[in-house]
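Below is one structure, written out as structure tokens; the observations come after it.
The values are calculated or read from the model by the stated rules, or taken from the named source; none is laboratory data. No experiment lies behind these values; they were computed from the predicted model shown. Please note: Cβ atoms are built from the backbone with ideal geometry, for glycine as well, and neighbour counts cover all protein chains shown.
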């Protein structure tokens with residue numbers, strides 16, 4: 001008896017079941033985000049600008065609202081019940097971040113406003129005191145401005161030199177050049193985990209291992225990675241890791257600097273004020289131990305609490321499930337966009353996160369974005385705060401960028417593709 005038909009039918013049913021299960025899960029995830037039910041210009045919102053900022057689940061909104069409604073007080077200062085509850089919730093959020101990053105201690109987690117502030121803190125507190133003229137800091141050609149400008153500033157302040165590790169035409173980090181640039185004058189490597197403009201995923205463990213062979217510490221900009229890949233700072237062995245809450249479904253104005261404890265304890269405070277001091281007189285000041293010595297003034301308490309809720313939400317889904325679904329979206333979008341006449345994908349690294357940058361011959365990226373917006377489709381256009389990378393690809397006007405999150409669907413990818421096809425036809 002020929003059983004191939006039965007076997008093939010069974011395979012089809014299994015694939016169909018997996019698809020239905022996946023769609024059911026995505027629908028459940030989407031239901032947690034109120035804004036995804038919005039309409040824009042009379043059309044259902046298709047939100048594909050997640051690399052700029054992510055939307056917030058109801059659990060995060062509720063956590064922030066609950067704090068202000070029930071527990072609002074300052075932290076670390078009061079003996080009354082509200083202050084104690086606020087302090088407990090704030091420090092619980094720190095512990096949540098520690099667990100999410102697999103850090104060795106909660107003392108290695110410093111709350112800041114975002115990745116930008118975290119990088120500036122390391123630049124001014126760690127790098128500036130040790131740099132002398134002709135010392136070198138290495139960055140890559142794919143960096144966000146926030147991981148370029150602070151190092152330019154500290155080089156100007158100290159006479160150090162900024163060196164750039166090149167990328168190839170696919171947008172991939174070039175290890176032979178990196179190893180050549182690592183030298184006796186290298187004092188720090190600062191590199192992105194995932195490129196916000198190209199989607200390239202860097203091999204951070206390898207980058208760190210090569211730097212450590214030369215005794216060079218490594219800072220990783222994890223702003224684009226934190227919501228898309230599993231991050232284990234001890235496995236990566238990086239010295240510093242930074243990310244922003246709003247990139248991982250948390251509030252704006254809150255971010256994290258992870259630092260190995262021995263690094264942080266050797267660093268002087270960057271900002272001074274209340275709550276980061278143990279005792280103060282007009283003659284001298286004694287600072288608090290880490291992490292509090294780097295958190296001057298009243299912190300973004302509700303932001304930290306909201307971030308903790310966001311990380312709980314991500315953990316409940318699981319980084320593997322998130323990555324698998326987002327890769328499915330990216331693969332489908334890439335395959336469809338590349339067949340549109342005149343369209344070209346920018347950033348074709350072998351290992352990519354869910355970022356799709358593209359251009360259309362003869363069409364300004366802003367026109368692409370504006371036309372798609374009329375269809376309810378939100379993407380980003382321009383340089384994406386990565387002008388050096390755009391210059392390398394000869395893109396004076398930048399690109400159009402669609403960036404996916406786990407709550408996006410294949411149907412939304414199809415809407416994007418159809419919208420891009422219409423744009424191309426309009427400018428034929």
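For this structure, a couple of remarks:
- Inside the stretch 387-408, residues that are in a loop (DSSP other than H, G, I, E, B) and under 22 Å from residue 246 (Cβ atoms) make up a count of 6.
- Filter result (free of Cβ contacts under 8 Å to residues at least 24 places away in the same chain and part of a helix (DSSP H, G or I)) within the stretch 318-338: 324, 331, 334, 335
- Counting the residues of the stretch 171-201 that are part of a loop (DSSP other than H, G, I, E, B) and either touching a strand residue (DSSP E or B) at 6+ places or on another chain (Cβ under 8 Å) or in the same structural domain as residue 391 (by TED's automatic domain parsing) (or both) gives 12.
- Candidate set from the stretch 133-146 (those that are under 14 Å from residue 120 (Cβ atoms) and out of contact with any helix residue (DSSP H, G or I) (no Cβ under 6 Å at 6 or more places or on another chain)); member that is surrounded by the fewest Cβ atoms within 10 Å (Cβ to Cβ): 145
- Considering the conditions (1) more than 19 Å from residue 60 (Cβ to Cβ); (2) surrounded by fewer than 23 Cβ atoms within 10 Å (Cβ to Cβ); (3) within 22 Å of the chain's Cα centre (by Cα); (4) modelled with pLDDT of 95 or more, residue 259 is excluded by exactly one of them, (2).
- Restricting 110, 119 to those that are under 23 Å from residue 228 (Cα atoms), in the same structural domain as residue 213 (by TED's automatic domain parsing) and in a helix (DSSP H, G or I) reduces the list to 119.
- Selected residue (only one of 413, 420 is at pLDDT 95 or above, buried (at least 18 other Cβ atoms within 10 Å of the Cβ) and more than 23 Å from residue 55 (Cα to Cα)): 420
- Tally, over the stretch 393-413, of residues that are closer than 21 Å to residue 23 by Cβ and without any contact (Cβ under 8 Å) to a residue 24 or more places away in the chain: 1
- Some residue of the stretch 87-98 being assigned to a strand (DSSP E or B) and either surrounded by 16 or more Cβ atoms within 10 Å (Cβ to Cβ) or assigned by TED's automatic domain parsing to the domain that holds residue 221 (or both): no
- Residue 52 in contact (Cβ under 8 Å) with a residue 12 or more places away in the chain and not in a helix (DSSP H, G or I): yes
- Residue match in the stretch 339-347 (condition: assigned to a helix (DSSP H, G or I), without any contact (Cβ under 8 Å) to a residue 12 or more places away in the chain, surrounded by fewer than 16 Cβ atoms within 10 Å (Cβ to Cβ) and not assigned by TED's automatic domain parsing to the domain that holds residue 245): no
- Residues that are without any contact (Cβ under 8 Å) to a residue 40 or more places away in the chain and under 23 Å from residue 318 (Cβ atoms), drawn from the stretch 78-98: 95, 98
- Lone qualifier among 233, 216 - being out of contact with any helix residue (DSSP H, G or I) (no Cβ under 6 Å at 6 or more places or on another chain), crowded, with 16+ Cβ neighbours inside 10 Å and closer than 30 Å to residue 178 by Cα: 216
- Residues of the stretch 228-256 classified as in a loop (DSSP other than H, G, I, E, B) and over 18 Å from the mean Cα position of the chain (by Cα), total: 1
- Exactly one residue out of 353, 296, 389, 310 is assigned by TED's automatic domain parsing to the domain that holds residue 267 and crowded, with 19+ Cβ neighbours inside 10 Å, and it is 310.
- Residue in the stretch 409-418 that is in a strand (DSSP E or B) and closer than 15 Å to residue 356 by Cβ present: no
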